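Down below is the structure, laid out as structure tokens.
The values are calculated or read from the model by the stated rules, or taken from the named source; none is laboratory data. Everything quoted here is computed from the prediction, not taken from an experiment. Cβ placement follows ideal geometry from the backbone for every residue including glycine, while neighbour counts extend to all protein chains displayed. Ligands, DNA and RNA are excluded from the accessible area calculation, which covers all protein heavy atoms including side chains. Shrake-Rupley method; radii C 1.70, N 1.55, O 1.52, S 1.80 Å.
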Amino acid sequence: MATGGRRDTAALRAGLDRWVSEHPELVPGGPAVDDDSAPQITALAHAQGGMANETVLVDLGPARPGLVVRLPPIEPTFPDYDLAPQALVQNAAAASGVPAPAPAVVVTDPSYLGSHFLVMPRVPGDVPGPAPLLDPYVRKAGPAVQRLMHDGLIDVLAEVHAVPWRGTALEEQLPGTGLRDAVDRWAAYVAWSSEGDPLPALAEALEWCARHRPAEQEAVVLWGDVRLGNLVFDPERRVRAVLDWDLAAIGPPEMDLGWHLGLEFMMEALFGGRVPGFPGTLDVIERYEGRSGRHVADLDWHEVFALVRALAINDRHQRITGDPRRRENPMGNVLLARLEAAS
């Protein structure tokens, strides 16, 4: 659910019923599948998880693909929530062969749901939980299948990084492209999200990132939130869809790799273990370099910067919910431990 609460389900259904009936040409399956009937909503429910947006799952009956509808959260995680770049990058990725849900359509008319919203096809399959070590779907798969799933994540990441962006609308609409801009952008985010009262670990790590910023590298399209829990898998554990493009940007590929490996570092520190079949960092780098043809550099810095971003977002969520333990967030200790290891 969105951290700041959910909209009324009945009101959402009424608005989406009207949108579907007025725009059948935008609904997966077209105006009709095997007869002349218009698509109709048969069920609607909020998705589990998700903190930076409100996500609604819509069924259109057994003969049609379902829909996923994303709305800005009632309490904002980010100062701006522009859905157009998300739709743009999903459609561009899909056009390049990445299994991203497409077409993604942004509806700007607020008369339907009270705000703009994003509509995309719902891809059937299994989605791992946010903590793979604790997720039965991952844990019970066994080391060989766990490795297969992890390899699929790295392979699809290399595909994302191959999406063309120069001279396209992506160059204009996605944030980027240099590390100086990225550090400045996230420093501004921390100032906004913490309302001028950042966690000490964030302030220290941001200052370190600014002082030790590596040389600029070739920029690529970044997925942004590289996690197993943002993939849909088929029964053979092959990647069927890449989800959650909220943090998509333009930048060096190490930003995505650093996010993934930084979150794995954090999960191991917080939960005291790792998924047995997941490869170590050197194997991850080797597979990524082999699939992408790129050389990976400066991962220590990028893992620290990734944990800065992750903690900043988590801190915002704790501030929204009024969590009294906000200043004791254990993620801050993990960030400082990774910073010490990188120094």
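Some points to look at:
- By accessible area with a 1.4 Å probe, ligands and nucleic acids excluded, highest first: order of Thr77, Thr9, Thr108, Thr321: Thr108, Thr321, Thr9, Thr77
- Per residue, the convex hull volume that the Cα atoms of region 189-290 enclose (Å³): 158 Å³
- Share of carbon and sulfur in the accessible heavy-atom surface of the chain [1.4 Å probe, %]: 53 percent
- Each of Ala131, Val232, Leu307 was placed along the dipole of the chain (beta-carbon charges, centred on the mean Cα), and the one lying farthest toward the positive end is Ala131.
- Span-like helix ranges in the chain, DSSP H, alpha carbon extent 15 angstrom or more, Kyte mean at least -0.5: 9-22, 83-95, 143-161, 179-193, 200-211, 254-271, 299-321, 330-342
- Mean separation of Cα contacts under 8 Å (6+ apart) over length of region 52-197, as relative contact order %: 20 percent
- Placing unit charges on the Cβ atoms only, positive for Lys and Arg and negative for Asp and Glu, gives region 258-343 a dipole magnitude near 400 debye about its Cα centre.
- Quotient of Cα Rg and 2.2 N^0.38 Å for region 132-233, N being how many residues it contains: 1.39
- Between region 114-152 and region 270-337, the alpha-carbon center distance in angstrom: 18 Å
- Rounded accessible area of Glu236 (nearest 10 Å², 1.4 Å probe): 100 Å²
- Over 37 Å [Cα-Cα, the chain], rounded percent: 17 percent
- Anisotropy class of region 150-199 from Cα gyration tensor, a/c 1.5 cut: oblate
- Per-residue SASA entry for Arg70, accessible area with 1.4 Å probe, Å² rounded to 10: 10 Å²
- Cα Rg over Rh - region 49-175, Kirkwood: 0.99
- Cα Rg over Rh - region 197-238, Kirkwood: 1.21
- Based on Cα contacts under 8 Å between residues 6+ apart, region 156-270 shows a relative contact order of 32 percent.
- Residues of the chain: accessible area per residue with a 1.4 Å probe, Å²: 44 Å²
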